[in-house]
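For reference, the structure is listed below as structure tokens.
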Amino acid sequence: MRARSSLVALAAAIPLLLAGCSDSGKATVTSSSSGKPSNSAGDVLVVLPDDLKLQTVDNVVPVVRTSKVSPALTQALDKVSAALTTADLIGLNKLVDVDRKAPAQVASDYATSKSLATGVSGGSGKIVVGAANFGESQILANLYVLALKAAGFDASVKPVTNREVYEPALEHGQLDAFPEYVGTLTEFLNKKANGPTAPAKASGDLAATVAALKTLATPKGLSVLTPAAAADQNAFAVTKNFATANNLTKLSDLKNVKTQLILGGPPECPTRPFCQLGLQQKYGLTFSSFVSLDTGGPLTKTALKTGKIQVGLVFSSDGSLGTL
């Protein structure tokens, strides 16, 4: 997630998600006399679903101090998880990151639209929900607080910085709950418990990764509640024009593209198993070249829209993304 929760922690896990992805796409591709693809600029970017599960799952999940877990708290936070989809997350992030609306107001409007403050009750006592320093985390923390308040808790949001700071704060009681990411937190706790070279426990299997996360979190006095369908993970994007022109509905369809493909992403991408190596080995893709850019940021997005690259690494809940 931006400075992003999901990425930063997973990189500790493996050179996996964090450093390991690529980027970019392009609009409608045709062959020019030079043999280079051309495209229309300014197109909408869309994510191609990772149908062979190259990436580790990173669904949003409430993590709570076990001493604070109760039926009322579980009911309230599960209601948020049940409502959230990745499409919702993209829309919410757009309102904050693109339209510059306040995360608390965006959360309030969404909670109203989804009736998150109804049908919950029985809570009491203080609950402090942490929010990391990026918009998505702040939206999610405010959603948790709204549902908890509706259930009767004295809930509040506490701004924090990165996982290295807020995870120990959860363990030691400075925070009571946090909107986390399944795969990222799994690998953060895995490396913390078993060392930086420990084999990864997170995978593309949500149920297995949640089970691994619960095993790691329980000894630390933390409980993992029900994950949402909403996920914020590394993903590969193309432009919508390029997807339409080449009949792309999923990542494996790229193997059928007849024109050359240029991949863009962070400098580490060519050597990462969850980036170029993974695309080559798991998807059988061949790239004519690689362009070193940023990790899902403005350089990658611009390169996609201008046709400098055809496939690029983005974050799946980025507010600037469109839909296939």
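Can you spot the lysines whose alpha carbon is less than 16 Å from residue 101's alpha carbon? Ignore those fewer than 8 places along the same chain.
Straight-line reach from residue 101, under 16 Å: no lysines qualify.
Quick check on the chain: helices-only [θ] at 222 nm, where DSSP H runs of length 4 and up contribute -39,500 (n - 2.57) each and the sum goes over total residues. Nearest 500, please. Present the calculation step by step, with values, prior to reporting the outcome.
Details: 11 runs with 112 residues, N = 324.
Result for the chain: -10000 deg cm²/dmol, rounded to the nearest 500.
What order, most packed first, do the peptides 290-296, 127-133 have when packing is the mean number of other Cβ atoms within 10 Å of each residue?
Top of the packing list down: 127-133, 290-296.
With every protein chain left in place, what is the accessible area of residue 282 in Å² (1.4 Å probe, nearest 10)?
100
Give me the distance in nm between label points sitting 7 Å out from Cα along the Cα-to-Cβ direction at residue 172 and residue 205, one decimal.
3.6
What is the dipole size for the chain, taken about its Cα centre, with +1 at each Lys and Arg Cβ and -1 at each Asp and Glu Cβ, in debye to the nearest 20?
Details: 30 positive and 24 negative charges, 54 e Å.
Here the chain has a charge dipole of around 260 debye.
Please state the relative contact order of the chain as a whole percent: Cα pairs under 8 Å, 6+ residues apart?
37
Please list, in chain and number order, the residues 5+ apart from residue 131 or on another chain whose amide H is under 5 Å from its amide H, with Hs placed from the backbone.
Close amide H contacts, sequence-distant or interchain: 158, 160.
Keeping every protein chain in place, order 318, 78 by accessible area at 1.4 Å, biggest value first, i.e. largest first.
Largest to smallest exposure gives the sequence 78, 318.
Report the relative contact order of the stretch 165-292, percent, no decimals, based on alpha-carbon pairs under 8 angstrom and at least 6 residues apart.
Worked out over the stretch 165-292, it gives 16 percent.
Projected onto the charge dipole of the stretch 179-324 (+1 at Lys/Arg Cβ, -1 at Asp/Glu Cβ, origin at the Cα centre), which of 200, 181, 211 gives the Cα projection farthest towards the positive end?
Sorting the options by dipole projection puts first 200.
Based on the alpha-carbon gyration tensor of the stretch 46-101 and its eigenvalue square roots a ≥ b ≥ c, which shape applies: rounded if a/c is under 1.5, prolate if not and a/b is larger than b/c, or oblate?
Taking the square roots of the gyration eigenvalues as a ≥ b ≥ c, the stretch 46-101 is oblate.
Looking at this model, which pairs from 240/282; 126/191; 149/201; 53/255; 94/301 are more than 26 angstrom apart at the alpha-carbon?
From 240/282; 126/191; 149/201; 53/255; 94/301, over 26 Å: 126/191; 149/201.
For the Cα atoms of the chain, what angle does the longest principal axis make with the long axis of helix 206-217, in degrees from 0 to 90, nearest 10?
50
Relative contact order, percent, of the stretch 52-127 when contacts are C-alpha pairs under 8 Å separated by at least 6 residues?
Values: 25 pairs, mean separation 29.4, N = 76.
Reported as a whole number, the value is 39 percent.
Round to a whole number: what % of the accessible area of the stretch 31-151 belongs to carbon and sulfur, probe 1.4 Å?
Values: 2710 of 5010 Å².
Carbon and sulfur: 54 percent of the exposed surface of the stretch 31-151.
Tell me which aspartates and glutamates have Cα within less than 18 Å of residue 192's Cα, excluding those fewer than 8 residues away on the same chain?
164, 167, 171, 180
Quick check: from the Cα gyration tensor, does the stretch 107-161 come out rounded (a/c under 1.5), prolate or oblate?
oblate
The values are calculated or read from the model by the stated rules, or taken from the named source; none is laboratory data. Only a predicted model underlies this, so the values are computations on that prediction, with no experimental measurement involved. Methodologically, a virtual Cβ is constructed for each residue, glycine included, from the backbone with ideal geometry; neighbour enumeration extends over all protein chains shown. The accessibility values were calculated without ligands, DNA or RNA, using every heavy atom of the protein model including side chains. Shrake-Rupley method; radii C 1.70, N 1.55, O 1.52, S 1.80 Å.
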